[in-house]
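K.L.:
One structure is given below, represented as structure tokens, and several questions about it will come after.
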Amino acid sequence: MQKFGLIGGTSWYSTIDYYRGINHSVNITFGNNTNPPLMVTTMNQKVIHDLEKADDWGGVAKMLITAGLDFQSVGVKAVALCANTTHHVYDQLQAALNIPVLHIADAVGKVIAAQGWKKVGLLGTVYTMEGDFVRGRLNEKFAVETLVPEKADRDRMQHYLYEEMSHGVFSPEAQDYFARLIAAFKAEGAEAVILGCTEYPILLRDTEVCLPKIDSTECHVKDIVQFILSDELAH
């Protein structure tokens, strides 16, 4: 198996889902309790959030590059960012490393393409919904159109994320609100909805909504597991 590095901590709640999902999938593949050669480093979420709010993406990139280089120095063969928003600096991180960084939008795009969907809703952080690092990549590589909520809704989502979900609070009020946003996407012709913040699959795990849910964490985990097992599957 290939040694893999997870850059997590934003938030640690969703990083747990990465760790659990990867180990579970590898266990299933081998039919026993075989574990993958997985390394995890945890970013300080408070520092990352402060840098994001200050629009200091160079500072974010510096932290992630340091983590990536540390992994590379101990023989890790690839890394992944355990959050959608940190992909804002994906290009800087990939340019600084000699090993691949698996992009979360590529993992999501493969699932969308397999279903034949062309128009989807996107729920993420303000940075993910307003930036081009997920929406642009999906359009360029997979010809997928993404819808996002109105500005007031994006700001309210950010409040729930930073004031509740990042602290482990997943309230019924937030669940109902997000379900209404998804209903609005359906009215605009969306065929599915991307849960494009790694806290949102946790929030909506047991919530029925009117569109198929594309769990970005689950998609990313699938790609990561395929990489980890790539040498095994080649035999």
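K.L.:
How many of the residues making up the stretch 5-55 are in contact with a Pro (Cβ under 8 Å, 6 or more places away or on another chain) and either outside the structural domain of H88 (by TED's automatic domain parsing) or among the charged types (D, E, K, R) (or both)?
P.N.:
The total comes to 1.
K.L.:
In this structure, is T86 surrounded by 21 or more Cβ atoms within 10 Å (Cβ to Cβ), part of a helix (DSSP H, G or I) and outside the structural domain of P212 (by TED's automatic domain parsing)?
P.N.:
yes
K.L.:
Here's something else I'd like to know. Considering only residues that are touching a residue at least 60 places away in the same chain (Cβ under 8 Å) and closer than 23 Å to Q158 by Cβ, which ones fall in the stretch 58-96?
P.N.:
Result: L81, C82, A83, N84, T85, T86.
K.L.:
Looking at the structure I just gave you, is Y127 in a helix (DSSP H, G or I) and in the same structural domain as V40 (by TED's automatic domain parsing)?
P.N.:
Spelling it out, it is not the case that Y127 is in a helix (DSSP H, G or I) and in the same structural domain as V40 (by TED's automatic domain parsing).
K.L.:
For the stretch 35-72, enumerate the residues that are acidic (D, E) and either in contact with a helix residue (DSSP H, G or I) (Cβ under 7 Å, 6 or more places away or on another chain) or more than 15 Å from G9 (Cβ to Cβ) (or both).
P.N.:
E52, D55, D56
K.L.:
If D132 passes every condition in (1) surrounded by fewer than 17 Cβ atoms within 10 Å (Cβ to Cβ); (2) touching a residue at least 12 places away in the same chain (Cβ under 8 Å) but one, which one does it miss?
P.N.:
(2)
K.L.:
Counting only residues that are within 29 Å of V225 (Cβ to Cβ) and either within 16 Å of the chain's Cα centre (by Cα) or β-branched (V, I, T) (or both), how many does the stretch 32-48 have?
P.N.:
7
K.L.:
Considering only the stretch 1-74, give the helices (runs of 4 or more DSSP H) lying wholly within it that have at least 1 residues that are in contact with a Cys (Cβ under 7 Å, 6 or more places away or on another chain) and under 22 Å from E164 (Cα atoms).
P.N.:
12-30
K.L.:
Here's something else I'd like to know. What residue, of C197, C210, C219, is among the hydrophobic types (A, V, I, L, M, F, W, C) and either touching a His at 6+ places or on another chain (Cβ under 6 Å) or without any contact (Cβ under 8 Å) to a residue 60 or more places away in the chain (or both)?
P.N.:
The conditions single out C210.
K.L.:
For the list (1) touching a strand residue (DSSP E or B) at 6+ places or on another chain (Cβ under 8 Å); (2) within 19 Å of F133 (Cβ to Cβ), I need the number of the one condition that K3 fails.
P.N.:
Evaluating K3 over (1) touching a strand residue (DSSP E or B) at 6+ places or on another chain (Cβ under 8 Å); (2) within 19 Å of F133 (Cβ to Cβ) leaves (2) as the failure.
The values are calculated or read from the model by the stated rules, or taken from the named source; none is laboratory data. Only a predicted model underlies this, so the values are computations on that prediction, with no experimental measurement involved. Here the Cβ is made from the backbone with ideal geometry for all residues, glycine too, and neighbour counts use every protein chain on show.
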